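A short worksheet on the structure shown next.
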């Protein structure tokens, strides 16, 4: 009877410890994604706080913002700020207002140089007042991914790097990578887990967006 | 003829401030007198045998002597040659009035930390009205001790005297009496023993008083009031009245300075910004100390860099709210300096704050939310310092049916009552993108199928920006949901205007 309690203590001490299939997400703080199927797939029952998530999208406008709106709304209503760094288009105020996001919590940053995009994301993620940082970085490296991950851990925030890339291999240095695509027009949004911390699931999911 | 009068006559009836004392607190003046200021300003050690000279009609005369030199027989106003004959090892220097003023000025800035009402009594003294500060510094005696300790640490010889009138405290201090008289009742007897020639009066009048046989102030107290006025003029009576507080003695308070400027020379010309930053850090420490003294804050500061060859450059660091947080200002300066390419080695750094604002500490909330809000603002300032002033914005609404005019970049939040009824995309293209037509259908990475619409928007004819468009929600083969319109004013050309991300 002694052995399991020692294991429990170890698991409590290191929440990032890999637990094998079926045991994941025991003590991981998470925010519900707003989609039941996705919550079931994600460790801890939602987007995990203190991590960065890489979203590989087939093209801009396939539904990546609608996927993330519920988590942004949820964290904004708890008083944390939302920041978008280097969005590719103008975030359209009338549509944002219609989604119910508290507008005073949203700040848009427009850096000029690619280096500044990553720097701004890191600075914002480090701040405990910032809940979600959406970034559209142009080029990422293992080092920059790692830095963003450490910044998210410091600020207990969620960072989403949205990259338009058909490549299926997850970026090195990220803890979670998801792929988003649609198979045909009017079809549902498909989501595939490429990589996930604390879990070895590789699931595919259909979201009605 | 010596003037004698019964002592009962010397107090005019009804002038003693008795009644009003209970209603309004009596002022308490501290005189900080620096008897060796001229020596210290010349960089001489006031404990050694030294003197400061000044130029007079009769050649170089001694202006101030140290105590050790006085013991050797050297007096003020003695000729320099005579003094050197008395004491061949005398170290002497000419008087430096500008340096004395600088020293007095820095002492004044330091004393602003104890009370806001500080006035100068040149050439060697400061007057502090401290009644309102007594509770903070645990009483007059504790404050008296603390001022003495801090002046000793700064290395100034000093006499500190406290009295209910400015003139009396100055007289006591200049006589070398470090007394503390808190109540006006004790003033007459405390001043009584002071010799007449210490009074700050015309030397000829002093000489007349001396010849009359008056040696100390107590002798003057015994004279009848009208007799003094008749015999020595109103000036003396007026002076005595101010000394005892029977006549008001307003002093001009040195006002809060309006700007800060300091320069830091680098030990060697620096080409990397880290060594410039070290100088900036020292300047910021000075700035924050200064702001604390004058209870101010800054919302912008200018840094001027002087190079070895190139002309000097300057940059301005701004904050959203007035602050005196040195760490935050240093972070902002760091970001600005990092983005700067130094064209040549930097020789010195100058910091100028032209606008000192009153310091208003943030309202204290019961919970920690306010603090969070402040540090979020500081984080945004940090980003602004690196990326430029217009890199941050918040989407806002405008009342207009034209989609490209229905949003604005602003800092105020929107009100949700003026939303359009129809579906709007989350992404808007800053400028509508013209689409080609294939097989009679608009094409964007595949043929577009129109799923929803049309929504006719026809407005703006009154300001020259009129439009007449049919908006549709369209989908292509890759699953992108697009917001497209057909411009009816331009022969039905198709445009892409937004993406339903």
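The values are calculated or read from the model by the stated rules, or taken from the named source; none is laboratory data. What you are looking at is a predicted structure, and each value in this text was computed from that prediction instead of being measured. Heads up, the Cβs are rebuilt from the backbone with ideal geometry, glycines too, and the neighbour counts pull from every protein chain shown.
Some observations on this one:
- Selection count where residues are more than 7 Å from every other protein chain (Cβ to nearest Cβ) and not in a helix (DSSP H, G or I), scope the range B:391-405: 5
- Complete set of residues in the range B:263-276 that are surrounded by 14 or more Cβ atoms within 10 Å (Cβ to Cβ) and either under 22 Å from the mean Cα position of the chain (by Cα) or not assigned by TED's automatic domain parsing to the domain that holds residue B:322 (or both): B:264
- Screening the candidates A:55, A:68 for the property of being under 25 Å from residue A:104 (Cβ atoms), under 10 Å from the mean Cα position of the chain (by Cα) and within 12 Å of chain B (Cβ to nearest Cβ) yields one hit, A:68.
- In the range B:167-183, the residues that are free of Cβ contacts under 8 Å to residues at least 40 places away in the same chain and within 14 Å of residue B:140 (Cβ to Cβ): B:178, B:179, B:181
- Residue check, residue B:235 touching a helix residue (DSSP H, G or I) at 6+ places or on another chain (Cβ under 8 Å) and modelled with pLDDT under 90: yes
- Of all residues in the range A:77-97, exactly one satisfies the criterion of being under 15 Å from the mean Cα position of the chain (by Cα) and either more than 10 Å from chain B (Cβ to nearest Cβ) or not in a strand (DSSP E or B) (or both), namely A:82.
- Selected residue (only one of A:164, A:182, A:201, A:172 is within 14 Å of chain B (Cβ to nearest Cβ), over 11 Å from residue A:53 (Cα atoms) and at pLDDT below 75): A:182
- Boolean, residue A:37 is over 28 Å from residue A:143 (Cα atoms), away from chain B (no Cβ under 13 Å), modelled with pLDDT of 80 or more and not in a strand (DSSP E or B): yes
- For the range B:474-485, the set of residues classified as under 60 Å from the mean Cα position of the chain (by Cα) and in a strand (DSSP E or B) consists of B:481, B:482, B:483, B:484, B:485, listed by residue number.
- Within the range A:98-127, the set of residues being within 10 Å of chain B (Cβ to nearest Cβ), assigned to a helix (DSSP H, G or I) and in contact with a helix residue (DSSP H, G or I) (Cβ under 8 Å, 6 or more places away or on another chain) comprises A:99, A:103, A:105, A:116, A:119, A:120, A:123, A:124, A:126.
- Residue among B:292, B:251, B:331, B:275 that is in contact with a helix residue (DSSP H, G or I) (Cβ under 9 Å, 6 or more places away or on another chain) and assigned to a helix (DSSP H, G or I): B:331
- Those strands (runs of 3 or more DSSP E) of the range B:82-135 in which at least 3 residues are without any contact (Cβ under 8 Å) to a residue 60 or more places away in the chain and out of contact with any helix residue (DSSP H, G or I) (no Cβ under 8 Å at 6 or more places or on another chain), considering only elements entirely within it, cover B:91-94.
- Within the range B:187-205, if we keep just the residues that are out of contact with any strand residue (DSSP E or B) (no Cβ under 8 Å at 6 or more places or on another chain) and part of a loop (DSSP other than H, G, I, E, B), the residue that is nearest to residue B:215 (Cα to Cα) turns out to be B:199.
- Residues being touching a residue at least 60 places away in the same chain (Cβ under 8 Å) and away from chain A (no Cβ under 14 Å) - total across the range B:461-501: 4
- Single residue of B:449, B:430 found to be in contact with a strand residue (DSSP E or B) (Cβ under 9 Å, 6 or more places away or on another chain), within 10 Å of chain A (Cβ to nearest Cβ) and free of Cβ contacts under 8 Å to residues at least 24 places away in the same chain: B:430
- For the residues B:169, B:189, the requirement of being more than 26 Å from the chain's Cα centre (by Cα), at negative phi and surrounded by fewer than 17 Cβ atoms within 10 Å (Cβ to Cβ) singles out B:189.
- Taking the range A:40-72 as the range and being at pLDDT 85 or above, out of contact with any strand residue (DSSP E or B) (no Cβ under 7 Å at 6 or more places or on another chain) and surrounded by fewer than 23 Cβ atoms within 10 Å (Cβ to Cβ) as the test, the residues that pass are A:50, A:66, A:69, A:70.
- Test result for residue B:352, more than 8 Å from chain A (Cβ to nearest Cβ), in contact with a helix residue (DSSP H, G or I) (Cβ under 8 Å, 6 or more places away or on another chain) and at pLDDT 85 or above: no
- Residue B:455 being at negative phi, within 14 Å of another protein chain (Cβ to nearest Cβ), in contact (Cβ under 8 Å) with a residue 12 or more places away in the chain and part of a strand (DSSP E or B): yes
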